[in-house]
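Asker: Here it is, the structure, as structure tokens.
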Amino acid sequence: MVRQSLSRIWSRYWGIFLLVGLWQLFVSVNNLNTIVAPSPQAVVLSLLNNADYFAAEALRTTLTASGGLALGLLLGFVIACLSWTAPSLSGVLTPMALLIRSIPIVAFVPIIVRVAGYGTHTVLIVTTFLSFFPCYVFALSGFQEVAQVRKDFCCSLGCSTSGFRGWRFFRHVAMPSAVPNILTALRLLAPTALLVALVAEFLIGTDGLGYVMIRARSDMEMDKSWAAALLASALSVLFFVIFSYLDKKYRNNWQA
Amino acid sequence: MMSNLHDVIRLEGFLSRQEVCMEAGNQSTSDIVLEGVRKRFELAKGQVIDAVEHVDLNIAGGEFIALIGPSGCGKSTLLRMVAGLETPSHGQIKIAGQTPNECIKQQKLGIAMQEHGLMPWLSAWDNIALPFRLAGLPVDIDRVHELLALVGLDEFANALPKQLSGGMKQRVSIARALALEPQVLILDEPFGALDAVTRRLMNNELQRIWSRKPTTTILVTHSVEEAVFLADRVCLMSPRPGRLALVEPITLERPRSLETMQTAEFRNLLAKLTAALDEVCMSAPAQ
Amino acid sequence: MYVGTCPVNFISEALKWVVGLGMLFVLWEVAGQQSWLGKALPPLSSIVSYAMEPRSYELLMRSASITASNALYGFLIGSIVGWAIACSGQIWPPMKKGLDTLSTFVNAIPLIALGPLLIVTVGEQSTPMATAALAVFFTVFVAVLGGFERVPSVHDDVIRTYGVTRWRALCFIEFPNALPSLIDGLKLGASSAVLGAILGEWFGAPAGLGVLIVSAMQNFQINLLWSAAFLGTAMSGIGFFVLALLQQKLLPRLGW
Ligand SMILES: Nc1ncnc2c1ncn2[C@@H]1O[C@H](COP(=O)(O)OP(=O)(O)OP(=O)(O)O)[C@@H](O)[C@H]1O
Ligand SMILES: [Mg+2]
């Protein structure tokens, strides 16, 4: 029984163990100082010793990232609703969304910083901006992908299926049918939102995990810097896992 | 005394929709008139397809019509025109003197298609309540429960469509079509995806539902047996461009049952219509 | 007169883009002239004329070529490794589950959290290339795995009934099937590579667009900041375009 579950864990997580093993090996073989590259234990110790501090910073980053994600989602959703009623809006916005997909936005956080100024609100703006377009695209395509049978059914009840007069159709049919799409957008965006928040903090912030990463490095506290990086990764994975779970759970209910 | 009370209640608008309909008697069903109906689809590059060519048909109020014919002969197209989902290229369709579009605005139609088209995120109950919501009417809770009971699914009120079997989904779909007490019921191969046994059971159900409140019904089906079992008249369409090749009245006594299907009369009708169907299929021009 | 469906669609599609972008540019110019967003958003014309000055032109080009070569090498390394590892899971199935977990976890790790690790392991000079490679690796790996998953089960049956070896199945059935999604992944990888290179340059690289962007941000050289950002965008745009062209020309020839 125990052996079985152990081997199950191994077959699933060997990659992670391998990474940690390699890390340890790298540090011991090269006989590196903690100031150059801390070992796994040193990092975990640092995390445990400064648990309060790290928890506070992690919370800050999480709040910024999820706040930006929520705002971007709201904005994307509202504008997608408007686009649904006025298709010409989507004619202009959709190409822009596609264009933005091929731009390395995260690398341009400095510009937004310059425009919006240093501070947490900028981090929020960047995350919002980045989440906006994918949420918009996914939501709109969800609204538009209502199957023909369902549209026919609504038509046969004298319910308009487009424009302002179709708001009942929108509320009861188009909007609910976009839920899986929106969940997918969230799942894909969650790690990105965190990355953007970290990058912004790294460049300009006065707090948050991204800031700890760079601050501790300039203070020669490598274990702390790595601990922040590790914590950030763990958070990101957690974000991903949570949203994947939600996605899976609800997607099931959307299959007839 | 009793009738006095009734009048008072009616005057004050206290009677439910259904009761008013029952009082009004014949008004709850509508006759359908198709006059020289044609449908031509424009494909790309100026190509056209004549899906339906010249159909004349008078359907009496409360009549059950079954439409059969080879695949692609325009049955669904004809049905979609009656339901106001397509407009005829020529001719006109009148339902109780109104155009289909006027009818759907007043929620006089109920449709159920081969694909059930239920909303997967809504429970059976909510799916049946959906027509009320889409039409902007208050949900008549009793009516929804009554319909669920009518199709024998009262225990599954909270089940999502994915938790129901194919036949159950179709029953929900039919209940949904009946929700607003339509005067015309339009069914496009509602049982097409079911196995033969379930299908026969569903036919029985449909007959039971229909005979409780005879509504003008048009049913498209591929099964001649189903058509003869259910219909007052069976219309046979010829291959594209579709027109009516044969209209056969079915005078079998109602209610019809499994025994009815064993009678000579039934078998004769079945044989006759099957032969006619084979004939129009054979005479089809090469496509 | 030729009025096929395709060219008309193409023209209206192109028109949408032109209108959308044109509106954006005009809006930008006006916003810059009227300084709606303060000094941080200069008019387009001033950015262009700045970038064309000989001194700044030379600086921009030098930095861009460094970043481009980092991104290109990163792209090559990342896509080859990503592809190879995804295939190895296919050849040796017991590895597959672990690879999936590893990939989702590694995919969720914010790129910027890997900076501290990379400067120790590969050095500050090569960090941009490594981050670019990592960014591309994730995209390609996920895309190829997705492609393998989409192999029709009919083909799976063919593999089993004919007793084809894993290796041959990979070469002749699974890989050809995964080709479109590989190219899709590469397309997205173009912007990931530029992003990775710029991000990597923030960790103490001597020169490159990333270095330029950060120093321009800190020294309030707005025109320089915008020009650098434009160059980065153009770079990923060109990559995207080239790969899209490849997708259109090559895939039909291979029977897709
Ligand atoms: N929207 C449309 N545009 C163009 N052609 C159409 C359209 N809808 C139907 N047709 C064509 O009209 C013809 C009749 O189609 P229809 O769906 O009415 O056939 P059907 O009798 O219902 O067939 P089946 O029994 O297979 O359902 C077909 O040749 C079809 O190709
Ligand atoms: Mg049909």
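The values are calculated or read from the model by the stated rules, or taken from the named source; none is laboratory data. Computed from a predicted structure; not experimentally measured. FYI the Cβ positions are ideal-geometry reconstructions off the backbone, even for glycines, and counts take in every protein chain you see.
Asker: Condition check: buried (at least 16 other Cβ atoms within 10 Å of the Cβ) and not hydrophobic (A, V, I, L, M, F, W, C). Does B:Thr99 satisfy that?
Answerer: No; evaluated as a whole, the condition is false for this residue.
Asker: Separate question: Just wondering, is there one or more residues in the range A:37-55 that are under 28 Å from A:Leu230 (Cβ atoms) and charged (D, E, K, R)?
Answerer: Yes, the conditions are met somewhere in the range A:37-55.
Asker: Working carefully through the options C:Ile213, C:Ile238, C:Ile198, C:Ile222, find the one that is of a type in the set (Val, Ile, Thr), buried (at least 24 other Cβ atoms within 10 Å of the Cβ) and more than 17 Å from C:Leu118 (Cβ to Cβ).
Answerer: Checking each option against the conditions leaves just C:Ile213.
Asker: Looking at C:Pro42 and the list (1) in a helix (DSSP H, G or I); (2) touching a helix residue (DSSP H, G or I) at 6+ places or on another chain (Cβ under 8 Å), which single condition is not satisfied?
Answerer: For C:Pro42, the failing item is (1).
Asker: If a residue must be free of Cβ contacts under 8 Å to residues at least 60 places away in the same chain and more than 7 Å from chain A (Cβ to nearest Cβ), how many such residues does the range C:221-236 contain?
Answerer: 2
Asker: For A:Leu183, state whether it is away from chain B (no Cβ under 14 Å) and in a helix (DSSP H, G or I).
Answerer: Values: away from chain B (no Cβ under 14 Å): no; in a helix (DSSP H, G or I): yes.
No.
Asker: Hey, among A:Thr122, A:Thr161, A:Thr94, which residue is more than 9 Å from chain C (Cβ to nearest Cβ) and closer than 30 Å to C:Val136 by Cα?
Answerer: Numbers: A:Thr161 fails: closer than 30 Å to C:Val136 by Cα; A:Thr94 fails: more than 9 Å from chain C (Cβ to nearest Cβ).
Of A:Thr122, A:Thr161, A:Thr94, the one residue that is more than 9 Å from chain C (Cβ to nearest Cβ) and closer than 30 Å to C:Val136 by Cα is A:Thr122.
Asker: Within the range B:207-232, work out how many residues are more than 16 Å from ligand 1 (Cβ to nearest atom), modelled with pLDDT of 90 or more and of a type in the set (A, V, I, L, M).
Answerer: Result for the range B:207-232: 3.
Asker: Starting from the range B:35-57, keep only residues that are within 14 Å of another protein chain (Cβ to nearest Cβ) and assigned to a strand (DSSP E or B), then list their pairs with residues that are of a type in the set (A, V, I, L, M, F, W, C) and more than 16 Å from ligand 2 (Cβ to nearest atom) whose Cβ atoms are within a distance under 6 Å, requiring at least 6 positions of separation or different chains.
Answerer: Within 6 Å, the pairs are B:Glu42/B:Val48.
Asker: Additional query: Looking only at helices (runs of 4 or more DSSP H) that fall completely inside the range B:76-190, which ones have 1 or more residues that are more than 10 Å from every other protein chain (Cβ to nearest Cβ) and within 16 Å of ligand 2 (Cβ to nearest atom)? Don't jump to the end; show me each part of the working.
Answerer: Values: elements: B:100-105, B:124-134, B:141-150, B:166-178.
Correct list: B:166-178.
Asker: Only one of (1) out of contact with any helix residue (DSSP H, G or I) (no Cβ under 8 Å at 6 or more places or on another chain); (2) modelled with pLDDT under 85 is not met by A:Ile112, so which one is it?
Answerer: (1)
Asker: Looking only at the range A:136-151, which residues are touching a Ser or Thr at 6+ places or on another chain (Cβ under 6 Å), within 13 Å of chain B (Cβ to nearest Cβ) and assigned to a helix (DSSP H, G or I)?
Answerer: A:Lys151
Asker: Here's another thing I want to ask about it. Of the conditions (1) within 16 Å of ligand 2 (Cβ to nearest atom); (2) part of a loop (DSSP other than H, G, I, E, B); (3) more than 14 Å from chain A (Cβ to nearest Cβ), B:Ala227 clears all except one; give me its number.
Answerer: Checking B:Ala227 against (1) within 16 Å of ligand 2 (Cβ to nearest atom); (2) part of a loop (DSSP other than H, G, I, E, B); (3) more than 14 Å from chain A (Cβ to nearest Cβ), the one that fails is (2).
Asker: Given A:Trp226, A:Trp254, which one is over 19 Å from the mean Cα position of the chain (by Cα), modelled with pLDDT under 90 and within 13 Å of chain C (Cβ to nearest Cβ)?
Answerer: Matching residue, one of A:Trp226, A:Trp254: A:Trp226.
Asker: Could you tell me whether A:Leu73 is crowded, with 23+ Cβ neighbours inside 10 Å, at pLDDT 85 or above and assigned by TED's automatic domain parsing to the domain that holds A:Leu188? If you could, list the steps in order and put the result at the bottom.
Answerer: Numbers: crowded, with 23+ Cβ neighbours inside 10 Å: yes; at pLDDT 85 or above: yes; assigned by TED's automatic domain parsing to the domain that holds A:Leu188: yes.
Criteria met by A:Leu73.
Asker: What is the residue count in the range B:81-125 for residues that are of a type in the set (A, V, I, L, M) and within 16 Å of ligand 1 (Cβ to nearest atom)?
Answerer: 8
Asker: Return yes or no: is A:Gly210 away from chain B (no Cβ under 14 Å) and not in a helix (DSSP H, G or I)? Explain how you work it out, then say what you get.
Answerer: Details: away from chain B (no Cβ under 14 Å): yes; not in a helix (DSSP H, G or I): no.
The answer is no for A:Gly210.
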